[in-house]
1. When the range 51-82 is examined, which residues are found to be without any contact (Cβ under 8 Å) to a residue 24 or more places away in the chain and hydrophobic (A, V, I, L, M, F, W, C)?
2. Mind listing whichever residues of the range 9-38 are crowded, with 17+ Cβ neighbours inside 10 Å and under 18 Å from SER73 (Cα atoms)?
3. Is it true that THR77 is among the polar types (S, T, N, Q), closer than 23 Å to VAL127 by Cβ and in contact with a helix residue (DSSP H, G or I) (Cβ under 8 Å, 6 or more places away or on another chain)?
4. Could you check, for the range 89-96, whether at least one of its residues is of a type in the set (D, E, K, R) and touching a residue at least 12 places away in the same chain (Cβ under 8 Å)?
5. Filter the range 110-131 down to residues that are touching a helix residue (DSSP H, G or I) at 6+ places or on another chain (Cβ under 6 Å) and either part of a helix (DSSP H, G or I) or small (Gly, Ala, Ser) (or both) and give me whichever is modelled with the lowest pLDDT.
6. Given the conditions (1) aliphatic (A, V, I, L, M); (2) surrounded by 15 or more Cβ atoms within 10 Å (Cβ to Cβ); (3) closer than 21 Å to THR130 by Cα, which single one is not true for LEU197?
7. Say we look at the range 17-61 and pick out the residues that are under 20 Å from the mean Cα position of the chain (by Cα) and part of a loop (DSSP other than H, G, I, E, B); which of these is nearest to ASP91 (Cα to Cα)?
8. Restricted to the range 132-166, and to residues that are β-branched (Val, Ile, Thr) and buried (at least 18 other Cβ atoms within 10 Å of the Cβ), which residue is modelled with the highest pLDDT?
Amino acid sequence: MSEQLKLVLVDDQCLCRRGLSELLSNCYDFSVLGATGSIDELRKLLDEKPDLLIIDLRMKPLDGISLLQQIRSEGYTTPAVMLTMSDSETDLTNAIRAGVRGYLLKDMAPDDVVDAIRRVAAGELVVAPTMTLKLIDMLRGDSPDPEPKNSLKLLTEREREILQLLSRGESNKAIAMTLKISYDTVKQHVRHILNKLNLSSRVKAAVLFTKEQESTTDNGSSDRN
């Protein structure tokens, strides 16, 4: 068995901490070092060198972003995922700018939360499916074009179909149901898409697809004028 991913959970509500801790502790590849709502206790847990922090956004006295900024100023560099009820674009933007690796919603299915945490650990930037379009809007204006510019032409028809669904914020599970293929097949296609486009996350692939569609639409309008 591969080495377990060491997690620390931060939430000011005991019930949420307990529920999330039980969910993640039941995964063979996760080890929950601790769950707390106290920054002093968090510092002690951070000294145990966890691999990932999972932080609630709406907390008192410090909200999740302020808490993350505080521990960063103290030299703690553990990667973080925000887990929240907020689907606000402003909160998403502030969290990404604060350096989080993921932005997940508490109403996501438990299996999707677990899958998202694993993807963050593998190096992806992951957001809740319903937040994908908001992140695309945020990134669209300043995202550099990947090289080569015509890299989408490398994709098969099925891969383009899956990428289109990704750009709409669909999860792997939803894509599998829509296309009537297995979940594992979707995951394999997504890996191939990212490899062909030389991109590190599905969000960046979705941004690229959206920009291409807009460019095609704009060119078509120009041709008709």
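The values are calculated or read from the model by the stated rules, or taken from the named source; none is laboratory data. What you see is a predicted model; the values in this text were computed from it and never measured. FYI the Cβ positions are ideal-geometry reconstructions off the backbone, even for glycines, and counts take in every protein chain you see.
1. Passing the criteria: only LEU62.
2. VAL10
3. For THR77, the condition - among the polar types (S, T, N, Q), closer than 23 Å to VAL127 by Cβ and in contact with a helix residue (DSSP H, G or I) (Cβ under 8 Å, 6 or more places away or on another chain) - is not met.
4. Checked the range 89-96: at least one residue is of a type in the set (D, E, K, R) and touching a residue at least 12 places away in the same chain (Cβ under 8 Å).
5. Checked the range 110-131; the qualifying residue modelled with the lowest pLDDT is MET131.
6. Here LEU197 clears every test but (3).
7. By that ranking, first place goes to LEU57.
8. Taking the candidates together, the pick is ILE162.
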